[in-house]
Amino acid sequence: MDYLNHDLEKTALSLLEKRGVTLDDIADLVYFLQSKYHENLSKDECKHNVERVLTKREIQNAIITGIELDILAEQDKLQEPLLAIIKKDEGLYGIDEIIALSIVNVYGSIGFTNYGYIDKLKPGILERLNDKSTGLVNTFLDDIVGAIAAAASSRLAHRAAHKKADQIKAENE
C-alpha cells in the first residue's frame with residue numbers, strides 16, 4: 001500500500017511538471033494568499049506546505065484525474081459533447097471546480113474562501129494556465145493548481161493559529 005501511495009505521488013508530481021507547473025509556482029500562489037497575514041513568511045515555508053498537501057492521496061487522485069482529462073481532450077480522445085465542453089472550458093460545466101473543491105475540502109472552510117479568491121484573480125501561473133491561445137487544454141489543471149495553493153494556504157493558516165495558541169497558553173502558565 002505504501003508503494004502505491006509513493007507511486008501516486010510521483011505520478012501526480014510528474015504530471016504537474018510535464019504540464020509546466022512547478023512547486024515554486026504553487027508556492028508563489030500560497031505566498032500571494034498568505035503574506036499579508038503572516039509576518040516574515042518565506043517562500044520556503046509556502047513550498048513546504050505545498051509539498052505536505054501533495055502527500056495526500058485525495059489530492060494526488062484529483063491531480064491525476066484532472067490532468068489526464070485535459071490531455072485526453074487535447075488529443076481529441078473524448079466523445080462529444082464532453083470533448084467540446086472541456087476544450088472550451090465551458091463556464092457552466094463546473095466539474096473542474098468540483099474536483100478542485102475536493103482538494104480544498106481536505107483542509108477546511110478557509111480553503112474554500114482562498115480558492116474562490118485566487119480562482120477569480122488568476123495570479124501567477126494561473127494566468128498562463130488559463131490562456132486559451134496556447135492550444136493547451138488546462139480546464140482541470142488551472143483549478144487544481146489554485147486548489148492546491150488554497151489548501152496549502154489553509155494548512156499554513158491552521159498551523160500558525162495553533163502555534164499562536166500554544167504560545168499564549170505557555171505565557172499564561
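What follows draws every value from the coordinates through simple rules; no lab data is involved. All of these numbers come straight from a predicted model, not from anything done at the bench. Note that we place each Cβ from the backbone using ideal geometry, even for glycine, and neighbour counts take in every protein chain shown.
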Candidate set: the range 83-110, residues that are in contact with an Asp or Glu (Cβ under 7 Å, 6 or more places away or on another chain) and among the charged types (D, E, K, R); chosen: the one surrounded by the most Cβ atoms within 10 Å (Cβ to Cβ): 96
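Would you say residue 63 is more than 24 Å from residue 157 (Cβ to Cβ) and either of a type outside the set (Phe, Trp, Tyr) or out of contact with any Ser or Thr (no Cβ under 6 Å at 6 or more places or on another chain) (or both)? Even if it seems obvious, please write down each step before you answer.
Details: more than 24 Å from residue 157 (Cβ to Cβ): no; either of a type outside the set (Phe, Trp, Tyr) or out of contact with any Ser or Thr (no Cβ under 6 Å at 6 or more places or on another chain) (or both): yes.
Against the criterion (more than 24 Å from residue 157 (Cβ to Cβ) and either of a type outside the set (Phe, Trp, Tyr) or out of contact with any Ser or Thr (no Cβ under 6 Å at 6 or more places or on another chain) (or both)), residue 63 does not qualify.
Taking residue 125, is it over 15 Å from residue 34 (Cα atoms) and touching a Leu at 6+ places or on another chain (Cβ under 9 Å)?
yes
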The listed residue being surrounded by fewer than 24 Cβ atoms within 10 Å (Cβ to Cβ), of a type in the set (Asp, Glu) and closer than 20 Å to residue 8 by Cα, out of 80, 68: 68
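For the range 14-93, please list each of the helices (runs of 4 or more DSSP H) lying entirely inside it that holds at least 3 residues being within 15 Å of the chain's Cα centre (by Cα) and of a type outside the set (Gly, Ala, Ser). Write out each step before concluding.
On the way: elements: 23-34, 43-53, 57-74, 82-88.
Those helices (runs of 4 or more DSSP H) span 23-34, 43-53, 57-74.
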Selection within the range 94-128 - in contact (Cβ under 8 Å) with a residue 12 or more places away in the chain and part of a loop (DSSP other than H, G, I, E, B): 108, 122, 123, 124
Unique residue being surrounded by fewer than 24 Cβ atoms within 10 Å (Cβ to Cβ), out of contact with any strand residue (DSSP E or B) (no Cβ under 9 Å at 6 or more places or on another chain), among the hydroxyl-bearing types (Ser, Thr, Tyr) and within 20 Å of residue 20 (Cα to Cα) when the list is 134, 113: 134
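Test residue 117 against the stated conditions and say whether it is of a type in the set (Ser, Thr, Tyr) and touching a Ser or Thr at 6+ places or on another chain (Cβ under 7 Å). Steps first, please.
Numbers: of a type in the set (Ser, Thr, Tyr): yes; touching a Ser or Thr at 6+ places or on another chain (Cβ under 7 Å): no.
Answer is no for this residue.
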